[in-house]
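The values are calculated or read from the model by the stated rules, or taken from the named source; none is laboratory data. Here the structure is a predicted model, which means the values were calculated and not measured. Cβ coordinates were reconstructed from backbone atoms using ideal geometry, including for glycine residues, and neighbour counts include every protein chain displayed.
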2 protein chains.
Amino acid sequence: MKNFVYSIPTKIYFGEGQIQKLDKILAPLGDKVLLMYGGGSIKKNGIYDTIIQILKENEIAYEEMGGVEPNPRIETVRAGAALCREKGIQVVLPIGGGSTIDCAKAVAAAACYDGDAWDLVKDGRKIRKALPIVSVLTLSATGSEMDTFAVISNMETNEKIGTGAEILRPAASILDPSYTKSVNAYHTAAGTADIMSHILEAYFSNVEGYMQDRVAEGLLKTCIEFGVKAIENPDDYEARANLMWTSSWAINDFLVLGKRVAWSVHPMEHELSAFYDITHGVGLAILTPHWMRYVLSDQTAEKFRTYGVNVWGIDKDLPAIEAASQAIDKTAEYFRKMGLPSRLEEVGIGEENFDIMAEKAAAQLRSAYVPLTKEDVKEIYRRAK
Amino acid sequence: MKNFVYSIPTKIYFGEGQIQKLDKILAPLGDKVLLMYGGGSIKKNGIYDTIIQILKENEIAYEEMGGVEPNPRIETVRAGAALCREKGIQVVLPIGGGSTIDCAKAVAAAACYDGDAWDLVKDGRKIRKALPIVSVLTLSATGSEMDTFAVISNMETNEKIGTGAEILRPAASILDPSYTKSVNAYHTAAGTADIMSHILEAYFSNVEGYMQDRVAEGLLKTCIEFGVKAIENPDDYEARANLMWTSSWAINDFLVLGKRVAWSVHPMEHELSAFYDITHGVGLAILTPHWMRYVLSDQTAEKFRTYGVNVWGIDKDLPAIEAASQAIDKTAEYFRKMGLPSRLEEVGIGEENFDIMAEKAAAQLRSAYVPLTKEDVKEIYRRAK
């Protein structure tokens, strides 16, 4: 196990009705907040009204910024930061899924930065200061509610880049699983695929952590147990709760501390959603099994076998390559069972940008679990076609 | 899943050589520290000298209190608190295993309390203030390095009581697995049994958490993988590291949040070590399989089967009661494999105090996984004889 420093100070208020603590959560942080949200579904399901009522009752001043995009854009970040400075905002309060929280993180950092916000996306080391963030989660997927990352898109340059800094971890997050009961089947499936992908990215690594990997397997089993259940019965609180709490732990650093991890599938997917604006989790679900099959070899078979035996209950006495292959089939099958597409063409992606996307992705895949070149990535895209 | 608030702000500095960050860790907390330690093994293995050198080089003033008992006593807590007040101590710095850290927590709280320290042990709600604690761990067992608890003994009244408060969580802990290479086989085994027991106490509960239980299984597998390895090869850093990091997560609350947990074996064991001053983990290893067999029934068989299948790799197609029974045998066998005793008489405990110990333990077992009366506890003691 490698040396590390563990520090996850985010406080989590988990469960139905925890929103009622919002005033107490905000009290030590500031009394002028910026509400951020996406397309406005929070206005339909009552969350918006509840929050406004709490803010008004407690005389907490607020500004609003709606319309954050599913893949949040740098223009939105710039506008949010300008609003923060103009209005003297003290706390950023995103209400939504990962996109809204990611955008809020970038806004929180950009509000404290003199240069252009895109600098901070391109280089997380420039993030030295940020407004505190309190998030209210409405979609289990990205784990942004407890992590340091933010992914921001620049459609002008077709770039979708992840940035991050310790101070971007939310001070507190409210995780009320009942808020996700209204998430439709497609987005529940995509969110679950995203959670699973985060765990898998941490799991397949060259410097292993035994304990971390056993925990990762437990989290994967949780996704598998409850992903389909949440889709079949959207009101299943237990399913929603397990997916939500797992989303946070998939990517809050616990699974990677002590290991050496470099993501494989996310960089390939980020190009898809940068070029085509598709749902991130859908891209991951399409690419993951193809990536697995592409990197399966005598060198990696043992790890895939362990994955198959411990996560999918595959017979441990099978030859490694056989068990590994079954594990990959099971993975693909589960994504299909959740109703997710398994081919790029199903989401309108053709070969036209394979070359440029592969080139960009490969730049981040030199030290991946199995290092991938541009040609490797192109071949994976082709097989996923 | 039940509602909960998650907050574990303890920073962990994990890995070989992390002690060199001690001055930076102490800087924001204070510049007058109380070093606490036990029998003095830290003076033999160099840890003491390293720490003194860091403190001197950085002009951090310190007082010392050695001789903390394996089951720390209230007299020691009182003396430590008096020393803190007299010398204006700002940070308590325990160097050792759970006993030393537990004692330091009680000292940190008692130093800020006007009444008698035993009040705080009897009722954790009275702990409102405490000096910050920075622990240096030298034994993987109790998890005190990242939790809120402290167990203190009063030999006059034969009481061994656990107290706790959020502010007793160490501000930071240094976890250097290489410090545990000198821990002998017996204490490595007892420590591992303690870790496993913490996980099992969280695991067997009436309000389940699916995700939490899958994580618990992963942690149990880690103990099983590395307990014997650390005993057979004391210098195995990977084994020491996995046990150490698992010790923290076994009991830092993560496994129980969202569930309803009431411990079963710990209350029964606390009586043993209160009356006989035996090693806590040894008492747990003796009692655990007997407790398991006693509470195994048609009602609990399914949970024990899950434990057997997921932790011990027992055939999932066996009848539940059969799989459960095999899982219990495996548990007992593993403790024996680590060289631990399996009978009370092996550690010098006879029937003489079964009655009074059972009465005291039963007072805390009314809402356990399977509620136990005084007669139940006596019967478990008898079977463990």
inquiry  = Of the conditions (1) surrounded by fewer than 21 Cβ atoms within 10 Å (Cβ to Cβ); (2) assigned by TED's automatic domain parsing to the domain that holds A:N233, A:A190 satisfies every one except a single condition; which number is it?
reply    = (1)
key: the range B:82-122, residues that are of a type in the set (A, V, I, L, M), assigned to a helix (DSSP H, G or I) and either under 19 Å from B:L22 (Cβ atoms) or touching a residue at least 60 places away in the same chain (Cβ under 8 Å) (or both)   = B:I101, B:A104, B:V107, B:A108
request  = Write out, first by first residue and then by second, each pair whose Cβ atoms fall under 7 Å of each other, whose residues are 6+ apart or on separate chains, and whose first residue, in the range B:208-233, is closer than 17 Å to B:G308 by Cβ while the second is of a type in the set (D, E) and part of a helix (DSSP H, G or I).
outcome  = B:G218/A:E217
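Quick one: which of A:L243, A:L257, A:L219 is touching a Phe, Trp or Tyr at 6+ places or on another chain (Cβ under 9 Å) and farther than 18 Å from A:T180 by Cβ? Before the answer, list the steps.
On the way: A:L243 fails: farther than 18 Å from A:T180 by Cβ; A:L219 fails: farther than 18 Å from A:T180 by Cβ.
The unique qualifying residue is A:L257.
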Residue list for the range A:165-176, restricted to those being touching a Ser or Thr at 6+ places or on another chain (Cβ under 8 Å) and within 14 Å of chain B (Cβ to nearest Cβ) = A:E166, A:R169, A:P170, A:A171, A:A172, A:S173, A:I174, A:L175
ask   = Does B:K303 count as in a helix (DSSP H, G or I), under 26 Å from B:T373 (Cβ atoms) and among the basic types (K, R)?
value = yes
request  = Tell me, yes or no, whether the range A:365-372 has at least one residue that is away from chain B (no Cβ under 14 Å), touching a residue at least 40 places away in the same chain (Cβ under 8 Å) and part of a helix (DSSP H, G or I).
outcome  = no
query = Any idea which residue in the range A:28-67 is surrounded by the most Cβ atoms within 10 Å (Cβ to Cβ), counting only those that are in contact (Cβ under 8 Å) with a residue 60 or more places away in the chain and of a type in the set (A, V, I, L, M, F, W, C)?
reply = A:M36
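Among the strands (runs of 3 or more DSSP E) confined wholly to the range B:1-63, which include 2 or more residues that are under 28 Å from B:F254 (Cα atoms), within 14 Å of chain A (Cβ to nearest Cβ) and modelled with pLDDT of 95 or more?
On the way: elements: B:4-6, B:11-14, B:32-36.
Those strands (runs of 3 or more DSSP E) span B:4-6, B:11-14.
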remark   = Of A:E379, A:E375, A:E322, A:E346, the only residue that is more than 19 Å from A:S297 (Cα to Cα) and of a type outside the set (K, R) is A:E346
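Would you pick out the residues in the range B:136-146 that are under 14 Å from the mean Cα position of the chain (by Cα) and assigned to a strand (DSSP E or B)? Break it down into steps so the answer makes sense when it comes.
Restricting attention to the range B:136-146, the residues satisfying the condition of being under 14 Å from the mean Cα position of the chain (by Cα) are B:137-146.
Hit for the range B:136-146 is B:L137, nothing else.
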task = Evaluate the following for B:I174: is it crowded, with 24+ Cβ neighbours inside 10 Å, in the same structural domain as B:G96 (by TED's automatic domain parsing), closer than 17 Å to B:G96 by Cβ and hydrophobic (A, V, I, L, M, F, W, C)?
result = yes
request  = Considering each of B:G348, B:G308, B:G339 in turn, give the residue that is surrounded by 22 or more Cβ atoms within 10 Å (Cβ to Cβ) and at pLDDT 95 or above.
outcome  = B:G308
query = Scanning the range B:126-171 for residues that are over 20 Å from B:V91 (Cβ atoms) and among the hydroxyl-bearing types (S, T, Y), which turns out surrounded by the fewest Cβ atoms within 10 Å (Cβ to Cβ)?
reply = B:T157
Matching residues, the range A:43-80, being β-branched (V, I, T), in contact with a Gly (Cβ under 9 Å, 6 or more places away or on another chain) and farther than 15 Å from A:L26 by Cα = A:V68, A:T76
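Do you know which residues across the range A:204-220 are within 12 Å of another protein chain (Cβ to nearest Cβ) and of a type outside the set (G, A, S)? Talk me through it step by step, then tell me what you get.
Residues of the range A:204-220 within 12 Å of another protein chain (Cβ to nearest Cβ): A:207-220.
Residues satisfying the conditions are A:V207, A:E208, A:Y210, A:M211, A:Q212, A:D213, A:R214, A:V215, A:E217, A:L219, A:L220.
Going by what's in this entry, would B:V377 be described as in contact with a Leu (Cβ under 8 Å, 6 or more places away or on another chain) and either in the same structural domain as B:E271 (by TED's automatic domain parsing) or among the polar types (S, T, N, Q) (or both)? Show your work before the answer.
On the way: in contact with a Leu (Cβ under 8 Å, 6 or more places away or on another chain): yes; either in the same structural domain as B:E271 (by TED's automatic domain parsing) or among the polar types (S, T, N, Q) (or both): yes.
For B:V377, the condition - in contact with a Leu (Cβ under 8 Å, 6 or more places away or on another chain) and either in the same structural domain as B:E271 (by TED's automatic domain parsing) or among the polar types (S, T, N, Q) (or both) - is met.
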task = Being more than 7 Å from every other protein chain (Cβ to nearest Cβ), surrounded by fewer than 24 Cβ atoms within 10 Å (Cβ to Cβ) and assigned to a helix (DSSP H, G or I) is the filter here, so list the residues in the range A:221-254 that pass it.
result = A:I224, A:V228, A:K229, A:I231, A:E232, A:Y237
inquiry  = Can you tell me which condition B:N184 does not meet? The list is (1) over 22 Å from B:I328 (Cα atoms); (2) free of Cβ contacts under 8 Å to residues at least 60 places away in the same chain; (3) among the polar types (S, T, N, Q); (4) within 11 Å of chain A (Cβ to nearest Cβ), and all the others hold.
reply    = (4)
